[in-house]
Amino acid sequence: MRYARLLIIALISHAVADDYQLLRADPSGYPRAVPNPAIEFPTDHLPHPDFRIEWWYLTANLTDADGESWGLQWTLFRQAMTPNADPGGWASKQVWMAHAALSTPTGHRYAERFARGGIGQAGVALNDTGDFNAWLDDWQWTGTAGSLFPGTLDLAFDAINLDITLNSTTPWVLQGEAGYHQKSDLGQASHYYSQPHIQIDGELTVDGETFTVSGPGWLDREWSSQPLAPNQPGWDWFSLHLNDGSALMVYQLRNDNGEPWINGTWVDADGRSQSLERGAIELTAESFTTLTLPTGEQKTLPLDWTLRLPDRNHSWRITALRPDSWLSTLFPYWEGPVVAQSQNPATPGGMGYLELTGY
Amino acid sequence: MLELTDVHKHFQQADGAVRVLDGLSTSLAPGRSAALLGESGSGKSTLLHLIAGLDSADSGRIVLDGTDTSAFKDADWAAWRRDKLSLIFQNYHLVPTLTVADNLALQARLAGRFDGDFYDHLVARLGLSDLLKRLPHQLSGGQQQRVAIGRALLHRPALVLADEPTGNLDERSSAAVMALLTELVREAGASLLMVTHSPAMAAHLDERWQLTNGRLETAA
Amino acid sequence: MRRLLSVLTRVLLTLLSHYRRHIAQTLFLAIGLVTGVGLWSAVQIINDHARASYSEADQLLGAQASHWVRARDGAGIDPADYIALRRDGFTQLYPILETRLAVNDEPLWLIATDLLALPRSESPLGASGGDWPSLVQPPYQTWYPPDLAADFGIGPGDTLMLDDGRQLPPAALQQQPQQGRRLFMDIGAALAVLQRDHFSYLGVGELSSAETDRLRRALPNHLQLVDNRQRLDLTQLTASLHSHLTAMSLLAFAVGLFIVFNAVRFALHLRRPTLHTLRELGASSRMLSVAVLLEALVWSALGTLGGLAAGRALATLLLPPVASSLQSLYGAVVGTDIQLGWARILLAWGITLVGLLLALAWPLWREAQQNIRQARSASDDWAADRQARRWLALFGLLLAVAALMLHSRMSTVTQGFVVLGLSLFAAAFVLPVWLASALRLVERCLPEPAWKLRWALRDAWAQLPQVRVAMMALLLALTANLGVETLVGSFRSALTIWLDQRLAADLYIQDDSLRLAAFTDHGAAPWLVASHQRNGVQIRWSGRPTLIRGLNTNAPDSRALPLADANEHLQDWFDGDNDWVLANEQVHHLAGVELGDRVQVDTAQGPQAFRIAGFFHDYGSPYFQLYLPYATVERLWPNASPEGLALWLSDAPDAEQQAESALLAAGAQPGDWLNQNTIKRVSLRIFDRTFAITTAMNGLTLSVAGIALLAALLALHQQRLSHYAHWRALGVRYREWLLIVALPLALLVALTGLAALPLGALLSSLLVHDLNVHAFGWTMPLQWQWPPALRLAALTAAVLGLTLLISLWQVRRRLPLALKQLGEDDA
Ligand SMILES: Nc1ncnc2c1ncn2[C@@H]1O[C@H](COP(=O)(O)OP(=O)(O)OP(=O)(O)O)[C@@H](O)[C@H]1O
Ligand SMILES: [Mg+2]
């Protein structure tokens, strides 16, 4: 669920007390996420312009020829500024935002971009040859026919050039009840599906040096008009690729006055998934790390966790690969690769991504 | 010429009211001269100011040349001073920008009574013939006072008021200036009221008025 | 040491107590300081502010603008080209639409961009926190800088109606960095509201040289990458304007300093007895000097603070017209938010202190030289004034000689202003001698019986030492007023004549993409008599932006070109000879090129030499300009674009209407063309606004001189009150008193005014024939006009009358007391 950075918000509501207000903003006038109709492919890969927010969210744990670990994140957000009819063109009500971040063996580099909708500078659509295309300026993901896979992703920012191919053969994982995904007891919900099994291969050029990389990636697709309840200040979100080929997503929406909303999904190597409900997940922050941002501001973050699935008798210690993964974007957050160390013999270890918002 | 009846004058000061003149009465006949004697601060100058209309009395009657001054306005006083009166001060008060000749003629011209012959006569009597083209600051104190005397007499005033006219001069020149002044005043037939500290000078005059406690004692 | 300090404090307090008892003097001292520093600092603040804006000229709305991408044919940028470049990875590009609008013939600039595309360091809407959806979605918003909104009487939500009938979106009082006095809109909104389909150009943010090359290669053929040299150019082009302003402010400062000088001297004079007493009581003369200097320090600090506050307020008032002139003349974007830097504050304090010390140094020195007894007795200083006058005159003559010497080898604007300043001060210093000699002459002519007149004239000698400085200030102010009025008058009439010759056509097409053929039948139409299509390109030559213009040499306006000078090859130029060009006179005066000289310019075919056949007047332009035949320009600069299409209409009464319908039918928008009268009117309005600050500064300087006069008179009368009491005791009537006091003063003022006439003429000739030429390269005939001189005379008489009335009232109020104290004053 990556509402990460939802950021565009500030564009809309200037007097916001906190960065994530948009996600809680009153959804009146916008369509709400409802259990029906069911998700349909490939149409649902394309934008749902009436909903307030929507994203295409990719993370990947890559390894180069020397065995060094890299992390990749690319997200494309769409936001509708009003529930009114869209005049289109230069007056379009859509705003696009994209983040690209690379966790390299020596540091963390990222960039954000904005574009208005309606003028072709950014969007998600089928291109001239009928292929899926998600782009903002020269950052773009091109799929095959209506599907995202096999696909390519081209990014260039901050002396980094990235050219990768993305392949996936397992079925899409529909989160929650067939893609209807509830976020609180108050009815906040979204449409949400994922692809946890993406095989990525490609080349990275950083400051003139080229690396051949490969590894697993994870894509989330989600759209909604109000995914957060007013009393939810932020979330901690984990996606793990385990060594036995299965994958695990766990998140908690922290609550100002009560228990967090915990939820998760277990996905087998062949793509079959099972929801993990509240009682099936035990998530504990073990220690906190204080980061000093380039601005001098300090952030204290839980970068060391224990995750237990008692029903399955699994237990991991999850730690950030590189604590320095804060994005001081318009909507600031922490996102970076993590290592999941198995805490008991039957549990496979793994790699993954952690996202911390609202800190 | 001059008749004062029950004149009162006080000044308001920080330490209370000072009664300077307290029911003063006196008179001076035309052509007569009087010396005004008294301690410092006794009110001699104040009396002269009242007679010249430079200040006003609290109460009492001041009759000048047969005219009651109680109804005098500022302009009447100015006219009185211009036409009938002359003031002579210790510090001469010549107009520094005017030549001796112009200073001499000044008041007569203001009064519209310039008399060339009388002017020549006075210049000769005052011994100023060689100094006419000079400016006041180029004269000695005695010379300046002679110019002031000439200026005071040229317009034939009825009354001359002099406040320690020789106070700035040494003894010899002051005696000379005094002699000249009394002589010329007498010649001109004017009355003279002169403040002085010197009994010797007072002796030259017809009357001696002693100012004490705001009243006058007259001695012949 | 501690004892010394406590004595010093006591002495200082004793000295300062004077100001509490002499409120009027204190007030004048403060007014002098505050107005002097205020006028000076107002201009400095404006200059600093403008220069700071120029240094931001490589920024556009908060984004870097190191280059522009422009269309070679002047037609603007197709949004599709822009999107293609963005998708090619050139994220430093952003679209700009910049245009001039008109409201009641008042020019108004609009700039629009896509805030989301701006490569700014801060977030898209920056700190300005605007309302993005309202900005980009109908009915949109127009962002007005507050002062501009105030000028147009616009409040939030109001809509402005343009002269072409279009309505701008509702107003919001918001601004972007470097918006200046421009309106801001979202570019999508601007395209829609102004019915455009092209951007004006693309701004280019910071690019590495590799990326610059890549961009140059990636640009389609019809687009080109242009360096942004605005920052350098603006600083250079506007330098002269700013020196002008500085010179005027220094003059105002000097005039203010005269009041201070007078007030300080008088305060010192009145305290001479106190000073003597203090010396008699054992304070050393050095300690007294230190105390007086400390006093100066206190005053300078107070004066600086007050002056800067006044200056800031004044700058806020004067900045909008200056900013809009800079915008009209140089295209410089100057905002109206004023900053006051520490350097400026310290500088203001420094020069105030220096001014005060100058005023104090001489009397203090003299005071210290004398022993106590001498000092006591030197009371009648009017006679000693002759000596002072001579020294002043001698000094004035030295300045005059220096001015003459410098004038012969003057080559820069700054030198010009130095000559000007030297001449003015030379005149001011010689003035007392002139006044004295004239007085003596008049005196000699008076007949003996006119004794009152003679007295009055003699009284001038008593007044002269006191009003001398005020008269000098008055002379400076009057001279400056006359000189500048003459300059402005000459310039305005030259400009009017020039506009009449230059703007011979009836209609001027503004939209450079409109072609004659688009709205006429192959250039023919019943309403059309003649037309003149020009083309042009901007290059750099001789270190300046230079406009190359291609003309039809036979067009009616080419034939009637207002020339400053030409040689016998002018006919060759008319005949279209490629060898000869016409240059604007700036080329002659600023680049030192003579008739017949060869000039070499860069063309697309490499350097090419031309010879100068003539110089034409080109008022208001800061650029060099060369006129060549149209075809030559087209051949040598293939990227030259058509610009400026002029149309001569037939005599038919509805010719203009027909022309307009034809233009509208061809897709032109109202506002794409202007008629001759509108251009003239707008040009003259810009001219008047440009000189508004000059007029304002002059008026202020004159009022400062008026204040100086009033201060001097009040001081004089206060000093002479005991004299007046004696006059009154002698029977002097008020009428007579007024005559004796006012006549000499009127005479002195009249003599000063008389002296200001030739000096004003000299000043205007310096301004017109030297400074203007060095500064802007514009020549014009000097036109001496009497009305301004008469107006000034009347104004001066009114000021004199007013000051006399005030001082008369003061004297009448105080005289009774003085009379009572008659005979005691010097006991
Ligand atoms: N304007 C004034 N305000 C207050 N008090 C005054 C004023 N003028 C004079 N006095 C007081 O009135 C009194 C008389 O003063 P006046 O000058 O008449 O004395 P005087 O006899 O002339 O003395 P001297 O021989 O010293 O000149 C003095 O006590 C003086 O202090
Ligand atoms: Mg006395």
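The values are calculated or read from the model by the stated rules, or taken from the named source; none is laboratory data. Remember, predicted model here, so these are calculated numbers, not experimental data. Virtual Cβ from ideal backbone geometry, glycine too; neighbours counted across all protein chains shown. These accessible areas exclude ligands, DNA and RNA; they are computed on the full protein's heavy atoms, side chains included. Shrake-Rupley method; radii C 1.70, N 1.55, O 1.52, S 1.80 Å.
Quick look at the numbers
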| read-out | value |
| --- | --- |
| Close pairs (7 angstrom Cβ cut-off, 6 or more residues apart or separate chains): more than 12 Å from A:Tyr193 (Cβ to Cβ) in region A:26-48, outside any loop (DSSP other than H, G, I, E, B) and aliphatic (A, V, I, L, M) anywhere | A:Ala33/A:Ala189; A:Leu46/A:Val124; A:Leu46/A:Ala125; A:Pro47/A:Val124 |
| Among (1) within 28 Å of C:Val811 (Cβ to Cβ); (2) more than 14 Å from every other protein chain (Cβ to nearest Cβ) - the single one C:His769 does not satisfy | (1) |
| Residues that are within 14 Å of ligand 2 (Cβ to nearest atom), touching a residue at least 60 places away in the same chain (Cβ under 8 Å) and not small (Gly, Ala, Ser), drawn from region B:10-42 | B:Val20, B:Leu21, B:Leu36, B:Leu37, B:Glu39 |
| Qualifying residue in region B:11-20 (condition: open to solvent by less than 50 Å² (accessible area, probe 1.4 Å) and away from ligand 1 (no atom under 15 Å from the Cβ)) | no |
| Strands (runs of 3 or more DSSP E) completely within region A:242-330 that count 1 or more residues being closer than 22 Å to A:His99 by Cβ | A:247-254, A:282-292, A:298-309, A:314-320 |
| Which listed residue, of C:Leu232, C:Leu183, C:Leu225, is in contact with a helix residue (DSSP H, G or I) (Cβ under 8 Å, 6 or more places away or on another chain), over 13 Å from C:Glu98 (Cα atoms) and away from every other protein chain (no Cβ under 14 Å) | C:Leu225 |
| Strands (runs of 3 or more DSSP E) within region A:42-110 that include 1 or more residues touching a Phe, Trp or Tyr at 6+ places or on another chain (Cβ under 9 Å), hydroxyl-bearing (Ser, Thr, Tyr) and open to solvent by 30 Å² or more (accessible area, probe 1.4 Å) | A:53-64 |
| Filter result for C:Leu795 (away from ligand 2 (no atom under 16 Å from the Cβ), under 20 Å from C:Arg735 (Cα atoms), at pLDDT 85 or above and open to solvent by 20 Å² or more (accessible area, probe 1.4 Å)) | no |
| Flag if B:Ser56 is polar (S, T, N, Q), within 13 Å of ligand 1 (Cβ to nearest atom) and crowded, with 16+ Cβ neighbours inside 10 Å | no |
| Test: residue in region C:90-103 that is within 14 Å of another protein chain (Cβ to nearest Cβ) and either at pLDDT below 85 or under 18 Å from C:Val193 (Cβ atoms) (or both) | yes |
| Residue pairs meeting the criteria (Cβ under 6 Å; at least 6 apart or on separate chains; first within 15 Å of A:Asp220 (Cα to Cα) and open to solvent by 20 Å² or more (accessible area, probe 1.4 Å), in region A:181-197; second modelled with pLDDT of 80 or more and not small (Gly, Ala, Ser)) | A:His197/A:Thr170 |
| Residues satisfying the stated conditions in region C:347-367, i.e. at pLDDT below 80 and open to solvent by 40 Å² or more (accessible area, probe 1.4 Å) | C:Leu358, C:Ala361, C:Trp362, C:Trp365, C:Arg366 |
| Residue within region C:686-698 that is within 14 Å of chain B (Cβ to nearest Cβ), over 30 Å from C:Arg515 (Cβ atoms) and among the hydrophobic types (A, V, I, L, M, F, W, C) present | no |
| Residue count, region B:73-100 (criterion: modelled with pLDDT of 85 or more, more than 7 Å from every other protein chain (Cβ to nearest Cβ) and outside any helix (DSSP H, G or I)) | 7 |
| Test set (1) part of a loop (DSSP other than H, G, I, E, B); (2) touching an Asp or Glu at 6+ places or on another chain (Cβ under 9 Å); (3) farther than 17 Å from A:Asp44 by Cβ; (4) open to solvent by 40 Å² or more (accessible area, probe 1.4 Å) - A:Thr165 fails condition number | (1) |
| Top-ranked residue in region B:59-91 [being within 16 Å of ligand 2 (Cβ to nearest atom) and not aromatic (Phe, Trp, Tyr); ranked as least open to solvent (accessible area, probe 1.4 Å)] | B:Ile88 |
| Selection status of A:Asn36, farther than 25 Å from A:Ala115 by Cα, among the polar types (S, T, N, Q) and surrounded by 24 or more Cβ atoms within 10 Å (Cβ to Cβ) | no |
| Region A:342-359: number of residues that are under 22 Å from the mean Cα position of the chain (by Cα) and open to solvent by 40 Å² or more (accessible area, probe 1.4 Å) | 2 |
| Some residue of region B:210-218 being within 26 Å of B:Arg19 (Cα to Cα) and open to solvent by less than 20 Å² (accessible area, probe 1.4 Å) | yes |
| Any hit, region B:43-53, residues being surrounded by 17 or more Cβ atoms within 10 Å (Cβ to Cβ), more than 14 Å from every other protein chain (Cβ to nearest Cβ), within 15 Å of ligand 1 (Cβ to nearest atom) and touching a residue at least 60 places away in the same chain (Cβ under 8 Å) | no |
| Test for B:Ser173: is it modelled with pLDDT under 85, more than 16 Å from ligand 1 (Cβ to nearest atom) and either closer than 21 Å to B:Trp80 by Cα or open to solvent by 10 Å² or more (accessible area, probe 1.4 Å) (or both) | yes |
| Identity of the residue in region B:21-42, more than 7 Å from ligand 1 (Cβ to nearest atom) and polar (S, T, N, Q), that ends up nearest to B:Phe89 (Cα to Cα) | B:Ser33 |
| Within region C:66-83, tally of residues that are at the interface with chain A (Cβ under 9 Å from one of its Cβ atoms) and in contact (Cβ under 8 Å) with a residue 40 or more places away in the chain | 2 |
| Sole exception among (1) modelled with pLDDT of 85 or more; (2) in a strand (DSSP E or B) for C:Tyr82, by number | (2) |
| Any hit, region C:149-167, residues being open to solvent by less than 60 Å² (accessible area, probe 1.4 Å), at pLDDT 90 or above and within 12 Å of chain A (Cβ to nearest Cβ) | no |
| Near pairs, Cβ below 6 angstrom, 6+ apart or cross-chain, from region C:717-739 (closer than 14 Å to C:Ala462 by Cα and away from every other protein chain (no Cβ under 11 Å)) to any residue that is open to solvent by less than 20 Å² (accessible area, probe 1.4 Å) and assigned to a helix (DSSP H, G or I) | C:His717/C:Ser807; C:His717/C:Val811; C:Leu721/C:Ala818 |
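Residue by residue, here is whether (1) of a type in the set (Gly, Ala, Ser); (2) within 28 Å of C:Gly620 (Cα to Cα) holds:
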| site | (1), (2) |
| --- | --- |
| C:Ala668 | yes, no |
| C:Gly671 | yes, yes |
| C:Leu674 | no, yes |
| C:Arg685 | no, yes |
| C:Asp688 | no, yes |
| C:Phe691 | no, yes |
